[in-house]
């Protein structure tokens, strides 16, 4: 931990929590996401939908194929693309038809190590993949564009606050005798404005987090997708009224993950432990509204997958309800159960779908399954 102590000491011995989180996750040498090996997966610290099962990218590929049938070749931009699992899965699902659906694929990944893994993994693909470090490196294009972001926003740095008898106070990370600790300070103007904008009044003693950059970042992403676009955001979160409800999250949503074990102490092994905070979906909704985008839906992952045709996908691959219960069928159903589990990923993860231009009606058509 000495490295982060040195970093904070170099900044005067105290930093807002979002700076601590930025260092812990994204420091170019010691940051959690700078590691040479992927941190996620069954042998890592947590599962994501693209890495938990091949059926997630298969369903995404099915949706892309349906949209391309009416809108033409698509540009796919995968943000926080990690080791390329989503793109590789989409390519595998589309097979020889990939060139009929996708005209360009862009992978946005901040980690240099993960970009290297993608070069190795996706290099032999029949459709070249352009790798970039930041979304700002992707120019807006005139054609239909689909943006996909899996667990990007819950890994962005957040400010942290507590409501005291004296009002709102911001939590900073400070050094004392070489140890990390908390201190309370008057909130920065941007922090106060955030909670005022969302109409949030915390209870005394309640802790909460705020992603101050989420709205502007998402608006910039939508601008990159252009006037004929579709945006799929897969993440953990709630609307503001639920996210900041003290009955459910009085201690905030900040969580650590290590070897699939949930924790609450962000000072435990910085750079070796994942840090996340739930998304405030209203931030992304505000961004969409101001950019002229329409919300198609905000659904639990399970509902999104059903709407997008996971049942038909199973049937077409001979694994539907009429399939023989052999080892392949059982294994496939176990994979799908992980994605649809109402006590886990199927309910906890949500998918926000926003669209603009011709892709709006195409998305509505593809996701029109009636419950």
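Derivation of every value follows stated rules applied to the coordinates shown; laboratory data play no part. What you are looking at is a predicted structure, and each value in this text was computed from that prediction instead of being measured. Neighbour counts run over all protein chains shown; Cβ positions are idealised from the backbone, glycine included.
For residue 164, project a label point 7 Å along Cα to C-beta. Then give me every residue of region 1-32 with its amide nitrogen under 11 Å of that point. Under cut-off, by backbone N: nothing. The relative contact order of the chain comes to 20 percent, based on Cα pairs under 8 Å that sit 6 or more residues apart.
With a Förster radius of 35 Å applied to the beta-carbon distance between residue 177 and residue 241, the computed FRET efficiency rounds to 0.25. Note the angle between two axes, namely the Cα long axis of helix 55-71 and the longest principal axis of the Cα atoms of the chain, as a number of degrees from 0 to 90, rounded to the nearest 10. The helix 55-71 is inclined about 60 degrees to the chain. One Cα centroid belongs to region 334-367, the other to region 203-217; the line between them spans 25 Å.
Counting only DSSP beta bridges with both residues in region 202-325, the antiparallel share comes to about 60 percent. Fewest neighbouring Cβ atoms within 10 Å first, the residues 255, 145 line up as 255, 145. When each of 236, 32, 56 is scored by the number of other beta-carbon atoms lying within 10 Å, the sequence from fewest to most is 236, 32, 56. Entry note, the chain: the mean residue ellipticity at 222 nm calculated from DSSP H runs of n ≥ 4, each adding -39500 (n - 2.57), is -11000 deg cm²/dmol after division by the residues and rounding to the nearest 500. Remind me, relative contact order of region 137-233 in percent, using alpha carbon pairs under 8 angstrom and six or more residues apart? It comes to 45 percent, rounded to a whole number. For region 234-322, the relative contact order works out to 25 percent when only alpha carbon pairs closer than 8 Å and six or more residues apart are counted. Between the helical axis of 214-225 and the longest alpha-carbon principal axis of the chain there is an angle of about 30 degrees.
When DSSP beta bridges are restricted to pairs lying wholly in the chain, around 60% turn out antiparallel.
Here region 232-262 is scanned for amide nitrogen atoms under 14 Å from the site 7 Å beyond the Cα of residue 272 along Cα-to-Cβ, giving 257-259. Each residue, residue 189 and residue 343, gets one label point 7 Å from its Cα in the Cβ direction; the gap between the two is 5.1 nm. The angle separating the long axis of helix 85-94 from the principal Cα axis of greatest extent in the chain is about 10 degrees. If a spin label sat at a point 7 angstrom from the Cα of residue 294 along the line to its beta carbon, the backbone N atoms of region 186-227 nearer than 16 Å would be those of 227. When each of 278, 27, 260 is scored by the number of other beta-carbon atoms lying within 10 Å, the sequence from fewest to most is 260, 27, 278.
For region 99-227, what proportion of DSSP beta bridges, expressed in % and rounded to the nearest 5, is antiparallel? Roughly 80 percent of the DSSP beta bridges within region 99-227 come out antiparallel.
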